[in-house]
Every structure is written in C-alpha cells, then in structure tokens.
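Let me begin by presenting the structure, written as structure tokens, before commenting on it.
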Amino acid sequence: MAKSVILNALDIGTSSVKMMVGQKDFATGDVTLLGQAQAPCFGVRKGEVVNPQQVAEAIVKVKEHLQKSGVGKIKKVLVNIGGPHLYSLTSQGLVSVSRADQKISQEDIQRVLQASQALNLPSNKEILDVFAKEFVVDGEEGIEDPLGLEGIRLEAKVLLSCVFSPVLESLDEAIEEAGLEIEENGIIPSPLASSRACLTAQQKELGVGVVDIGAGSTSVAFFEERKLLNFAVFPLGSANITNDIAIGLRTEISTAERIKKEFATLNTTKKKKKLTKIEIPEKNLAFSAKFLKDIVEARVSEIFSEVQRELKKISKQKLLPAGIILTGGGTQLPGIVEFAKRKLKLPCHLGFPKNIQGVEDLTFSTCAGLLLTGFDLKEQRGERPIGSEVGSKLKKIFKMFLP
Ligand SMILES: Nc1ncnc2c1ncn2[C@@H]1O[C@H](COP(=O)(O)OP(=O)(O)OP(=O)(O)O)[C@@H](O)[C@H]1O
Ligand SMILES: [Mg+2]
C-alpha cells in the first residue's frame, strides 16, 4: 500500500456544500488538510438533494476553487447522504458453518451478513450499508469478530442503513453533473461521518451520542462498546430557527439569519436583562431579548425532544456515560450546550473534528468525518484485502470494528 494517500470529501448540506482535500501519511498516521472550501448551496432540502443541477453548480464552485489553490485535479470524492429518507433497520441472519473442521471462515461471515440482508424491502428502497452489532456462535452472544472460532451455527445481529432510492439517484446525478465520481463504498450516512470526526474510541466504548445540527436537518448516532447502536436524521435544523424569527419579527429571511447569528442566545439572562431591547434601525425593528429567546428556545427544545425520542428507542435516556457531543453549524448558538444538558439530563459538550491538523470548525465535522472514513477504508483494503462479490459490504463492517 502507498505510504500516503490524498482523498477528497464532499459534504452536501442544506445551506452549503463543503469540500476538503486531505492527505494521510500511513507511516505516521497523520492526516494533513491540504485545502477546504465552502459555497452556498441551493437545491438541497432538509439534507436531501432535490435539484441536482443546482447542487452540481455549487459543487463545481468548490471544486474549482480548490483546484485553483493547487491541490491537484479533483476527480473522485467521498460524499455524505442525509435527510429523513435515510433510516436504519435492525436485522439478523443465520447460517451453518461450512468447513469440515468447523472453523468460521470469511465466507461464512459473508454468508451470514448476506442472510441478514434478506428482507422484503419495497422496490424503491435499498440497503446502503450493513453494520454488525454482534455475532453469535452456537448461542454464545457478544462476539465481535468470529473469524477462526469453532462452531456450528453462526448468527449475525446487524443494523442496516437504508435509503429511499430516488434520494440516492438525485445525489448520484448531482455528482455526475459536477464531473465527479464517487469513491468505492464512498457514500457515507451523514450521522456516521460526523461521529467519525468528533467521537473518540474511548467515548464510543463508554456510550456516547453525536448530534449534528445543520441548517435543514439534525443527524444523530449513538454508540456503546464501540458499536453503532442506532442512527437517524430528522428534518429539523437551524434554518427552522431562522424561519421562526422571520415570522415572529415579520422580517425577511436574510435579516432573521443575521439576527440569529448576532443576538440569539439560550443563556439564561438575569432579570434585568429580560428588559433588554434589541434595535435594528435600518430594518425598523425593535424587540426584547426575551422575545427572541422564547422563539429560539421553542425550536431548539423541539430539536432536543427529537433527540430524546431517538434515545428512548434504544432505551438510553440519561444512560450514555460519555454523554452527547454537539456539532454542526447550528450548535454555534450560545448557551446550547447548557440547554442540551438540562433537556437531555446527560453530559453535553461541543465536538470539533479531531485527528486532522488544521481543522477547527464544527461546520466541517461531516466533511472531516468523510475524509477520515475514506482513509479507514483505504487502510482496511490494504491490510485486509477481501476478494469477493460481497467484499464491499464486509469492508464497511470491519470499519466499525476499528477503535
Ligand atoms: N453563530 C451562529 N449561531 C447560530 N446558528 C448559526 C451560526 N452560524 C451558523 N449557524 C447556522 O448553522 C447552519 C449551517 O450549519 P451547517 O453548515 O452544519 O448545515 P448544513 O450542513 O448546510 O445543513 P444540513 O446538515 O442540515 O444539510 C445555518 O442554519 C446557520 O444559520
Ligand atoms: Mg450538515
């Protein structure tokens, strides 16, 4: 395997398209950022590509900007898929171990993972990825890697990521229209990309969740004992706060966005401050800080109620020792960490992308995670080549075993 590899990551977001070019030196493990760019994006609604042509225009902008900056020609990308039509399903499979000596082989693992995907999905839904939660060998549960173990019955408990096919088709179309190709296995669910960037192996071992609040969607993923418990994307984000401000103050979206960034806060104000007036003379606007806070708080509260609902689905309310890591552009709202703590009754922190030198912006978490996942995949291919027709799925599962 080459000592160093350069990859390109593309995060197609509701408010903007972000791209990063990074280089990993496999000898030292260091990942260096060679370039990053961002451009406003139209044609994405609630995290899903709805107008591929418009999205392609934004992609071309960031691509050309980066190429001009000297990162070399960008041809292939790792890309995220998000939006409410991306969902997870739990499933399981069962096979008999095939070898005479009853030692579990790669083929057995592949067969059991295939068996776990034998579902009756409607024709417009497809399985994107499969993540092994655990293997069971002759009734012995909790096995991470059954390769080489002896047994007769091999079961796999898995989490499948599934998507409504038209969403995937629109994404493909946008990439193609922009003159790019997708890396092998290079479509990564947004919540998993953000997790890869912001969570540590230790947090994943203890039990942790990531909450990425974007403009049009919020992506969540939860881990325990290093395994993915569940993930989800719901169609609520920081743009909803902007829209509420626009309606509440009867002003245009651009003014509401400015007000959100300049004045919105969830910090608890002292009594006197409740009377603080905010004035924007050029827009003929005057309102109390309390009025703005009430608008913002109602929407943020709704977002965390959704997070709570997802925690409830996996019975982990108040039960993740490493807490919740907040990331994404929407988490730049002052006071949101304290608010999340109160609402979820869990430790909460802001999560910045880790492990890439020179990245300190939480709007780039998904993008950074795509890049890191891309390097993981490359590394696994080099270390553990799997030459079979279901190899692609298997490689992704091994990815989840990495600390
Ligand atoms: N200082 C700030 N305070 C509050 N919100 C902010 C601030 N800065 C940016 N935002 C909000 O963050 C959002 C953009 O975040 P991000 O780039 O993570 O979203 P996205 O990836 O485009 O969308 P999505 O992930 O939902 O598809 C916008 O709604 C923007 O208003
Ligand atoms: Mg995003």
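Amide H to amide H, with H built 1.01 Å from N, T218 comes under 5 Å of F234, L236, counting only residues 5 or more places away or on other chains.
Under 1.5 on a/c is rounded, so check that first for segment 211-269, then, if it is not, pick prolate when a/b is larger than b/c and oblate when it is not; a ≥ b ≥ c are the square roots of the alpha carbon gyration tensor eigenvalues. Judged from the Cα gyration tensor, segment 211-269 comes out prolate (a/c at least 1.5, a/b above b/c). For the options I325, I74, I247, a Gaussian network treatment of the chain with springs between C-alpha atoms closer than 10 Å singles out I247 as fluctuating the most.
The convex hull of the Cα atoms of the chain, projected and averaged over all directions, covers 21.3 nm². Computed from Cα atoms, the angle from the helix 52-68 axis to the main principal axis of the chain rounds to 90 degrees.
Spread over its residues, the convex hull of the C-alpha atoms of segment 28-180 is 163 Å³ per residue.
Residue-wise HN-Hα couplings along segment 105-118, as the Karplus relation 6.51 cos²θ - 1.76 cosθ + 1.60 with θ = phi - 60° gives them from phi, are 10, 3, 4, 4, 5, 4, 5, 5, 6, 5, 4, 5, 9, 7 Hz; Gly and Pro carry x. For the cross-link pairs K68/K227; K3/K157; K61/K260; K277/K345; K24/K316, the ones whose C-alpha atoms lie over 29 Å apart are K68/K227; K3/K157; K277/K345; K24/K316. For the chain, the longest principal axis of the alpha carbon atoms and the long axis of helix 165-177 meet at an angle near 80°. Look at the alpha carbon pairs under 8 Å that are at least 6 residues apart: their mean separation over the length of the chain gives a relative contact order of 18 percent. Between K68, K260, K293, the Gaussian network model of the chain with springs among Cα atoms under 10 angstrom shows the greatest mean-square fluctuation at K68.
Computed from backbone phi with θ = phi - 60° and the Karplus coefficients 6.51, -1.76 and 1.60, the 3J(HN,Hα) list for segment 233-239 is 10, 10, x, 9, x, 5, 5 Hz; x is used for glycine and proline.
According to the square roots a ≥ b ≥ c of the eigenvalues of the Cα gyration tensor, what is the shape class of segment 150-242, taking rounded for a/c under 1.5, prolate for a/b larger than b/c otherwise, and oblate for the remainder? Oblate, because a/c is 1.5 or more while a/b does not exceed b/c.
Counting only alpha carbon atoms, the long axis of helix 391-401 and the longest principal axis of the chain meet at about 70°. For the chain, a crude dipole built from +1 on the beta carbon of Lys and Arg and -1 on the beta carbon of Asp and Glu, taken about the Cα centre, is about 1800 debye to the nearest 20. In terms of its C-alpha gyration tensor, segment 137-194 comes out prolate, because a/c is 1.5 or above and the ratio a/b outweighs b/c.
Just to confirm a number: summing +1 for Lys and Arg and -1 for Asp and Glu over residues other than Q36 whose beta-carbon lies under 13 angstrom from that of Q36, what do you get? Local net charge: -1.
Just to confirm a number: summing +1 for Lys and Arg and -1 for Asp and Glu over residues other than R299 whose beta-carbon lies under 12 angstrom from that of R299, what do you get? Here the count lands on -3.
Computed from backbone phi with θ = phi - 60° and the Karplus coefficients 6.51, -1.76 and 1.60, the 3J(HN,Hα) list for segment 70-76 is x, 7, x, 6, 9, 10, 10 Hz; x is used for glycine and proline. Stretching the chain fully between I127 and I278 yields a gain of 49.4 nm (0.36 nm per residue, less the alpha carbon separation).
Each semi-axis of the equivalent ellipsoid for segment 86-164 is √(5λ) with λ an eigenvalue of the Cα gyration tensor; in descending order they amount to 25, 12, 9 Å. Relative intensity of segment 238-350 on a log10 scale, I(q)/I(0) at q = 0.14, 0.19, 0.21 Å⁻¹, equals -0.61, -0.98, -1.12, per a Debye sum over C-alpha point scatterers of equal strength in the absence of solvent.
Taking 7 Å steps out from each Cα toward its Cβ at D25 and A286 produces label points 6.1 nm apart. Amide H contacts for C41 (H built 1.01 Å from N in the peptide plane; partners 5 or more residues away or on another chain; cut-off under 5 Å): S16, V17.
Counting only DSSP H runs of at least 4 residues, each contributing -39500 (n - 2.57), and dividing by the residue count of the chain, the helix-based mean residue ellipticity at 222 nm comes to -11000 deg cm²/dmol. T14 sits with roughly 30 Å² accessible to a 1.4 Å probe, with DNA, RNA and ligands left out of the calculation.
Accessible surface comparison of S96, S288, S4, probe 1.4 Å, protein chains only, largest first: the order is S96, S4, S288.
The values are calculated or read from the model by the stated rules, or taken from the named source; none is laboratory data. Source: prediction; values computed, not measured. Note: ideal-geometry Cβ built from the backbone for every residue, glycine included; neighbour counts use all protein chains shown. We work out accessible area using only protein heavy atoms, side chains counted, and drop any ligands, DNA or RNA first. Shrake-Rupley method; radii C 1.70, N 1.55, O 1.52, S 1.80 Å.
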